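Before any comments, here is the structure.
The values are calculated or read from the model by the stated rules, or taken from the named source; none is laboratory data. Just so it is clear, the structure is predicted and the values come from calculations on it, not from any experiment. Cβ sites come from the backbone with ideal geometry, for glycine too, and all protein chains shown count toward neighbours.
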């Protein structure tokens, strides 16, 4: 049973990983259209090892370990790499999937990519400003709202509390 549990956890961790993004060859930190372009060396200097693994190498956190899984205060969630505002706290819901979940992203804040790694078909969600990997979106969210579940790595975002 213990071996099965370890195998299951390894499968979950590996399932969100894919090939490393190619290094950006421009030294510019901001491109036209507001996109942030940095070399992988620059990202490595600015991000923690875990942030780099998830945001730049498309990794994932272990379920139920992220800082924001059980955070339900008022505020918003921004990209941990570039500060782009991604999710309002009102869109966060308890999903019991092990990662922070939102039923909608702020319009224009994220990009969507087909992810067919490991024989699965999923939709990857990345920051529209810097391209950082946030997680995936699924159609098993609250039916009373959007029906979507943005399954997001805590390490990919930073919670900004509402000012009082």
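Data for the structure
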| item | result |
| --- | --- |
| Residue within region 105-112 that is out of contact with any strand residue (DSSP E or B) (no Cβ under 9 Å at 6 or more places or on another chain), surrounded by 20 or more Cβ atoms within 10 Å (Cβ to Cβ) and under 21 Å from residue 52 (Cα atoms) present | no |
| So residue 73, is it modelled with pLDDT of 50 or more, exposed (fewer than 12 other Cβ atoms within 10 Å of the Cβ) and in contact with a strand residue (DSSP E or B) (Cβ under 9 Å, 6 or more places away or on another chain) | yes |
| Unique residue being touching a residue at least 40 places away in the same chain (Cβ under 8 Å) and more than 25 Å from residue 145 (Cβ to Cβ) when the list is 73, 61, 57 | 57 |
| Test result for residue 157, closer than 26 Å to residue 37 by Cβ and either surrounded by fewer than 20 Cβ atoms within 10 Å (Cβ to Cβ) or out of contact with any helix residue (DSSP H, G or I) (no Cβ under 7 Å at 6 or more places or on another chain) (or both) | yes |
| Residue list for region 80-96, restricted to those being closer than 24 Å to residue 34 by Cα and touching a residue at least 24 places away in the same chain (Cβ under 8 Å) | 80, 81, 82, 83, 84, 85, 86, 87 |
| Residue ID - surrounded by the fewest Cβ atoms within 10 Å (Cβ to Cβ), chosen from residues in region 116-126 that are more than 20 Å from residue 154 (Cα to Cα) and out of contact with any helix residue (DSSP H, G or I) (no Cβ under 9 Å at 6 or more places or on another chain) | 119 |
| Complete set of residues in region 33-54 that are assigned to a helix (DSSP H, G or I), in contact (Cβ under 8 Å) with a residue 60 or more places away in the chain and out of contact with any helix residue (DSSP H, G or I) (no Cβ under 8 Å at 6 or more places or on another chain) | 34 |
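Per-residue answers, yes or no, for (1) in a strand (DSSP E or B); (2) without any contact (Cβ under 8 Å) to a residue 24 or more places away in the chain; (3) out of contact with any helix residue (DSSP H, G or I) (no Cβ under 7 Å at 6 or more places or on another chain):
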position	(1), (2), (3)
78	yes, no, yes
98	no, no, yes
108	no, yes, yes
146	no, no, yes
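This table checks each residue for (1) closer than 18 Å to residue 129 by Cβ; (2) crowded, with 16+ Cβ neighbours inside 10 Å; (3) at pLDDT 65 or above.
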site	(1), (2), (3)
2	no, no, no
6	no, no, no
10	no, no, no
14	no, no, no
30	yes, no, no
34	yes, no, yes
45	no, no, yes
48	no, no, yes
59	no, yes, yes
